[in-house]
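One structure below.
Each reported figure results from applying straightforward, stated rules to the coordinates on display, with no laboratory input. Everything numeric here is computed off the predicted structure, so don't read it as measured data. Virtual Cβ from ideal backbone geometry, glycine too; neighbours counted across all protein chains shown.
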Amino acid sequence: MKAVVDLQYWVGFNIVRGIGPAKFRALLDYFGSAQAAWAADEGALRQAGLDRRATQSLLRTRQAIDLPAALEEIESGGIKILTWDDKEYPLYLKEIADPPPVLYVRGDIQTRDQWAVAVVGTRRSTSYGKHVTHQLVGDLARSGATIVSGMARGIDGVAHRAALEAGGRTLAVLGSGISQVYPPEHRALAQQIASRGALLSEFPPDTPPEAGNFPRRNRIISGLSLGVLVVEAGRKSGALITANYALEQGRDVFAVPGNINARSSVGTNRIIQEGATLVLSAEDILRELNMTMVAEKVATQLALPATHEEAVLLQLLSDQPCHVDELSRNSGLGVAQVTSALTMMELKGMARQMDRMNYVSAREPGIEYGTDRG
C-alpha cells in the first residue's frame with residue numbers, strides 16, 4: 001500500500017472531474033509524483049498538457065477538499081484503496097489500455113481471482129437465461145473460477161448468486177461508488193459478495209449511479225477476466241459493450257445461443273456469428289481458457305516468492321534438511337531475516353521445518369515456479 005501522504009493525492013485526482021487515466025498518467029510522467037502534480041500552479045499544469053477545463057476543475061477541487069479528512073473517511077468506512085503502484089492491484093486489469101488509477105475495494109482480492117470469468121447479460125432476463133446462467137456459473141465456480149459481473153438486475157445478479165451458492169468467489173464491479181449500492185434491492189447481495197469476494201469501483205465511494213458510469217465500468221469487468229461469457233443480450237445491450245472491451249483487450253468472448261425469435265438473444269446470436277465461441281457447457285469455457293486445473297494453478301501461484309528473501313532461500317532449500325544458521329551464512333541474510341521469511345514460506349507451503357530449526361523445500365517435483373496466465 002502506498003504511503004498515506006502520497007495516497008491522499010491519488011484520491012484527490014480521482015475526485016477531480018475531467019482527469020481520467022490518460023491525463024493522470026501524463027501528469028505523473030511530467031511531475032514525477034501525484035503530490036507534485038497536485039501542488040502545481042496553473043501555468044505548470046497547462047505546460048504539462050492539461051487542458052483549460054481540466055485545469056480549472058483541478059484548481060476548484062483543490063480549494064474545496066480536505067484530502068487527509070477525505071482519505072480518513074474512506075478508510076474508516078472499511079474501504080481499501082488500491083493504485084497502479086500497489087502489488088495487490090489486479091494484474092490483468094493493469095494490462096488494459098486505460099486501467100483505473102484508483103480502485104476502491106470492499107472485501108478482498110486474492111491470487112486465485114486471476115482465474116476469473118466475467119458473466120454478463122441483459123437486465124431483462126428470461127427464465128431460460130436465468131436457468132442457463134445458474135447452471136454454467138455453478139459449474140465454473142465449482143471448478144475454481146472466480147465469477148466477475150456488474151451486480152445489475154437480471155443476468156448479473158443471477159451470476160453472483162450462483163457463484164455464492166456453489167461456494168465460489170465472485171467480484172462485483174459497480175457503476176456507482178461502493179457506498180451507493182445500486183440497484184438498492186441488491187444491498188444484501190452486496191454484503192454477501194464482500195464477504196466471499198469483493199465489491200470494486202473506480203468511482204469515489206459516494207458517487208451516485210449515473211448512466212454514463214456503467215459503460216465505463218464494463219472495461220473493468222472484462223479487464224479483470226480471462227474471458228467474458230454473454231448469456232442473454234438484446235441488440236443494444238450493455239453486455240455487448242463488455243464483449244467489445246474484451247476483444248479490444250485481447251480476452252476471449254463466449255456466448256450462449258438462444259431462440260432466434262427472442263429479442264433477448266439477438267445480441268448473443270449475432271456475436272456468435274461474428275466469431276464468439278458458442279457455449280453449451282462450462283467445460284467449453286474451461287477448456288478454451290486452459291482453466292481445467294485451476295486449483296493446481298492457484299497452488300503454484302501461491303508458492304511464488306513474494307520477497308527477495310523468499311527468492312534467495314527458495315534457491316538454497318532442497319530435500320536435504322538445512323539449519324537456519326547455514327541458510328543465513330549461505331544467503332548473506334541475518335538470522336532474524338531468515339527465520340521471518342521461513343515462517344511466511346511455511347504458511348505458503350514453500351518450506352517445511354523438520355526439527356531443531358532445520359528446513360527443507362516443500363516444492364513438488366515437476367512444478368515450474370514461474371508465471372502462468374491461464
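Computed from backbone phi with θ = phi - 60° and the Karplus coefficients 6.51, -1.76 and 1.60, the 3J(HN,Hα) list for the stretch 124-135 is 9, 6, 8, 4, 4, x, 5, 5, 5, 4, 4, 5 Hz; x is used for glycine and proline. Each residue of the stretch 174-190 is assigned a 3J(HN,Hα), and the resulting list reads 9, x, 9, x, 4, 7, 10, 4, 9, x, x, 6, 9, 4, 5, 4, 4 Hz, derived from the Karplus form 6.51 cos²θ - 1.76 cosθ + 1.60 (θ = phi - 60°), x at Gly and Pro.
Radius of gyration (Cα atoms) of the chain, expressed as a multiple of 2.2 N^0.38 Å: 1.11. When each of the peptides 193-201, 305-313 is scored by how many other beta carbons lie within 10 Å of its residues on average, the order from highest to lowest is 193-201, 305-313. When shorter helices are ignored and each DSSP H run of at least 4 residues is given -39500 (n - 2.57), the per-residue value for the chain at 222 nm works out to -13500 deg cm²/dmol. Per-peptide packing, taken as the mean over residues of other Cβ atoms within 10 Å, places 37-50, 105-118 in the sequence 105-118, 37-50 from highest down.
For the stretch 11-49 versus the stretch 330-364, the spacing of their alpha-carbon centroids is 44 Å.
Note on the stretch 86-111 and the stretch 237-297: Cα centroid distance 23 Å, given to the nearest whole angstrom. In sequence order, the stretch 110-120 has phi-based couplings of 10, 4, 5, 6, 5, 9, 10, 10, 7, 10, 9 Hz under the Karplus curve 6.51 cos²θ - 1.76 cosθ + 1.60, θ = phi - 60°, and Gly or Pro positions carry x. Counted residue by residue at 0.36 nm each, then reduced by the alpha carbon distance between them, the extension gain from Glu288 to Arg235 reaches 16.5 nm.
Across the stretch 112-154, Cα-Cα pairs more than 15 Å apart make up 42 percent of the total.
Answer rounded, prolate or oblate for the stretch 303-361, using the Cα gyration tensor with square roots of eigenvalues a ≥ b ≥ c: rounded when a/c is under 1.5, else prolate when a/b is larger than b/c, else oblate. Cα axes put the stretch 303-361 in the rounded bin. The amide H of Thr146, built 1.01 Å from its N in the peptide plane, has Trp115, Ala116, Val117 as neighbours under 5 Å, considering only residues 5 or more places off or on other chains. Sorting the segments 9-16, 207-214 by their mean number of nearby beta carbons within 10 angstrom, highest to lowest, gives 9-16, 207-214. Modelled spin-label separation between Glu73 and Ala36, with each label point placed 7 Å from Cα along the Cα-to-Cβ direction: 3.0 nm. A cut-off of 5 Å between modelled amide H atoms, ignoring neighbours fewer than 5 places along the same chain, links His323 with Tyr359.
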